[in-house]
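The values are calculated or read from the model by the stated rules, or taken from the named source; none is laboratory data. Because the structure is a prediction, the values reported are computed rather than measured. In this analysis, Cβ positions are derived from the backbone assuming ideal geometry, glycine residues included, and neighbour counts consider all displayed protein chains.
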C-alpha cells in the first residue's frame with residue numbers, strides 16, 4: 001500500500017511540474033499580450049514629463065475641475081513653444097460635450113489670441129472636438145498631449161480618443177488656461193508655477 005501511495009505522489013509531482021511549466025508559459029504569454037495591448041492604446045506620452053503645476057477651478061464657489069500641467073524639466077513657462085506639454089482636466093461635475101464646446105468657444109472669444117487670425121480655424125476645430133470628446137461624468141479626466149510636432153492628442157480617462165493635426169490648435173487651446181488674459185488667472189499662476 002505504501003508503495004502505491006508513494007508512486008502516486010511521484011506521478012502527481014511530475015504532473016504538477018508539467019502543469020506549472022504550462023501555467024508559467026501561459027502567464028508569460030498573457031503578460032506580453034496585456035503589455036502590448038496597453039502600449040498600443042496608451043496616449044503618446046513622454047516618460048520624462050513632470051508636473052509643472054496644478055490647481056482647482058471654481059465658479060461662484062463651486063468646484064468645477066482639477067487641472068494639472070506637465071512638461072519636461074527644462075520648461076521655462078513658454079507654453080507656446082515648449083514641447084512636449086500636457087494638460088489634464090479632471091472634472092468634479094457632469095458636463096455634456098456640447099456645453100464643453102460652447103464654453104471653449106466663449107473662452108476663445110474672450111482671448112486676444114482667440115480673436116486673432118492665428119486661431120481662425122476655431123469652427124473646424126470645434127467640429128473635430130465634438131467628434132472626439134465624450135460627455136463627461138464627475139471624476140472623468142480629459143488630457144491633451146502636445147507633441148514636438150504640435151500634434152494634439154486627446155485621451156479620456158487615460159485612453160486615446162483622437163487627435164487634431166493642425167499645429168496652430170495647440171497654442172489656441174492651451175491659451176484658454178495659460179494665456180495672460182485668461183479668465184482663470186489664479187489657476188494659470190498655479191499651473192505655470194508662478195510664485196508672485
Residue selected from segment 177-196 under the condition over 17 Å from the mean Cα position of the chain (by Cα) and closer than 19 Å to residue 119 by Cα, by the criterion surrounded by the fewest Cβ atoms within 10 Å (Cβ to Cβ):
180
Is it the case that segment 40-63 has a residue that's under 20 Å from the mean Cα position of the chain (by Cα), assigned to a helix (DSSP H, G or I), modelled with pLDDT under 90 and over 19 Å from residue 186 (Cβ atoms)?
yes
Restricting to segment 150-167, and then to whatever is surrounded by fewer than 17 Cβ atoms within 10 Å (Cβ to Cβ) and without any contact (Cβ under 8 Å) to a residue 60 or more places away in the chain, can you tell me which residue is nearest to the chain's Cα centre (by Cα)?
157
Collect the residues in segment 119-146 that are in contact with a helix residue (DSSP H, G or I) (Cβ under 6 Å, 6 or more places away or on another chain) and over 17 Å from residue 103 (Cβ atoms), keeping them in residue-number order.
146
Could you pull out the residue among 106, 96 that is surrounded by fewer than 16 Cβ atoms within 10 Å (Cβ to Cβ) and within 19 Å of residue 184 (Cβ to Cβ)?
106
